[in-house]
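Okay, so here's the structure we're looking at.
The values are calculated or read from the model by the stated rules, or taken from the named source; none is laboratory data. On a predicted model such as this, the values are computed, not experimentally measured, just so you know. When we count neighbours, we look across all protein chains shown, and the Cβ atoms used for this are built from the backbone with ideal geometry, even at glycine. Heavy atoms of the whole protein, side chains included, go into the accessibility calculation; ligands, DNA and RNA do not. Shrake-Rupley method; radii C 1.70, N 1.55, O 1.52, S 1.80 Å.
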Amino acid sequence: MNSASKNTENDFSKGSIARNILNLALPMTLAQMINVLYSVVDRIYIGHIPHVSADALTGVGLALPVITIITAFANLFGMGGAPLCSIARGGHEEKRAEDVMGNSFTMLLASGAVLMVFCLIFREPILYLFGASDVTYPYAEQYITIYLCGTLFVMTSLGMNNFINAQGFGKTGMLTVLLGAVLNIILDPVLIFGFGMGVRGAAIATVISQGASAIWVFRFLTGEKALLKLKRSSMKLQKSLVKEITLLGTSGFVMSVTNGLVQIVCNAVLSRHGGDLYVGVMTVINSVREIINMPLNGLTSGAQPVISYNYGAGCYKRVKQAVRFMTVCGIIFSLVVWAVIFFEPRFFMHLFTQESELIQNGIPAMRIYFCGIFMMALQFAGQSTYVALNRPKQAVFFSLFRKVIIVVPLTIFLPMIGGLGTDGVFLAEPVSNVIGGTACFVTMLITVWPKLGKEKEETKKTSV
């Protein structure tokens, strides 16, 4: 298939908006769900290690903020570059699109190397700062030390997979994470139980799996099937592109970093009010939240290339259609999930642990934490629209608003009000979903929606 025919095949300015989004979103949603298995499957197996499951699970939970921060840098340059790449492709600026991709790759590798060295050197004080105790620290240290050795694999597979999806190859992007997830599922029980490696085995399985995914991504982007190829000439940093990529990626970066910040604060406050047991409960809740968020991430990630491409092509009516479709689907999905978790929280607790005390305290905590989660769909829709239309300032503001301005203070102060204790920590999330989700989406409707209409009319006049 020649380049022209491939470009026509992946032209998002033609055909049904819903079909264009679903053609990307369905495999990407499946990919996002599979991607959860990297860390969630580790926790499921670790939660069933005989005699030490609760402490081991809590230890791995303490390592999650470090993993989240690494993910944040992958989002900074991967999610920052991909929409710019789509906009350039929609405007038929292939050279610029390839330069964006190459610059993103260079920054992913550079930041990954710095993060790996820094976190390995300071892992002990970092883990104790995040709420580790003398009992849980050894498990956290074992896991994160090995995980950090695969940082460059994470940056390549997670960050550069955005550029496969941005070119319209949703199924190929899905195979990236499917490859790693299947390897992880196979290797986890073999290394954890078969070789008796415990937490170390889970980390080794993850690193091997991420390495396989990284090789897959690199080979595709440098191969014949890619519309835009990763070339050495495009990897030379350009100051203007670095600035654009970083500004647009700051939204995804801030969302990930603030997620890590919230995890740190939650663990610290829960450790003070409820001890290691409640840090374990939060580890399970965070795992369930990842499972829920992945389909929403898949939907919005599938919509973003379609929105960006049509925006670059001047098809503003199709941009609005894509935003509507993304929002409605997100709300319906999150409403269904909310109902399932409310009526069957025990099922989710049993996935990660058989400890009766952990389950008993985790069920009411889960019902509080996920109450009103459907409002989070509005946050996802608003954030994704800002990013897809290259509006980094709004995207960054609402990332900070929900997590830093609302969640963190509530997590600290609610436990002190009316004897709420640990319940106050879990209550902070639904309050932030309602306030943050509403503010983000309504502001998008007020500021972005009318301007799209005006731009559409201006485009018509120009064409006449």
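When restricted to Cα atoms, segment 344-464 yields an Rg and a Dmax of 19.8, 71 Å, respectively.
Measuring between their Cα centroids, segment 67-112 and segment 368-425 lie 26 Å from each other.
Projecting label points 7 angstrom from Cα along Cα→Cβ for K236 and T443 puts them 4.0 nm apart.
Once the Cα-Cα distance is subtracted from the 0.36 nm per residue extended length, the I363 to V431 segment shows a gain of 22.6 nm.
Length gained on full extension, K229 to T106, computed as 0.36 nm times the residue gap minus the Cα-Cα distance: 42.9 nm. Probing with 1.4 Å while keeping every protein chain in the model, the per residue accessible area of the chain equals 40 Å². The packing ranking, built from the mean of other Cβ atoms within 10 Å per residue, places the peptides 393-400, 122-129, 60-67, 84-91 in the order 60-67, 84-91, 393-400, 122-129, highest first.
Given a cut-off of under 8 Å on Cα pairs at least six residues apart, what relative contact order in percent is computed for the chain? Before the final figure, lay out the partial values.
On the way: 772 pairs, mean separation 109.3, N = 464.
Taking the mean separation of contacting Cα pairs over the length of the chain, I get 24 percent.
Between R272 and V336, the contour length at 0.36 nm per residue exceeds the alpha carbon distance by 19.6 nm. Each helix, a run of at least 4 DSSP H residues, gives -39500 (n - 2.57); summed and divided by the residues of the chain, these come to -27000 deg cm²/dmol at 222 nm.
How far, in degrees from 0 to 90, does helix 17-46 lean away from the longest principal axis of the Cα atoms of the chain, to the nearest 10? Here the helix axis deviates by roughly 20 degrees. Given R0 = 35 Å, the distance between the Cβ atoms of I215 and F122 translates into a calculated FRET efficiency of 0.75. With a cut-off of 11 Å between beta carbons, the residues surrounding Y128 carry a summed charge of -2, where Lys and Arg count +1 and Asp and Glu -1. In order along segment 99-115, the phi-based Karplus estimate (6.51 cos²θ - 1.76 cosθ + 1.60, θ = phi - 60°) of 3J(HN,Hα) comes to 5, 4, 5, x, 5, 4, 4, 4, 5, 4, 5, 5, 5, x, 5, 5, 4 Hz; Gly and Pro are listed as x. Along segment 239-250 the Karplus relation, 6.51 cos²θ - 1.76 cosθ + 1.60 evaluated at θ = phi - 60°, assigns HN-Hα couplings of 3, 5, 5, 4, 5, 5, 4, 5, 4, 6, x, 4 Hz to successive residues, with x for each Gly and Pro. For the chain, report the translational diffusion coefficient in µm²/s to the nearest whole number, using Stokes-Einstein at 4 °C, 1.567 mPa s, and a Kirkwood Rh over Cα pairs. For the chosen part, D equals 58 µm²/s.
Measuring nothing but protein heavy atoms, the accessible surface of the chain at 1.4 Å probe radius is 67 percent carbon and sulfur.
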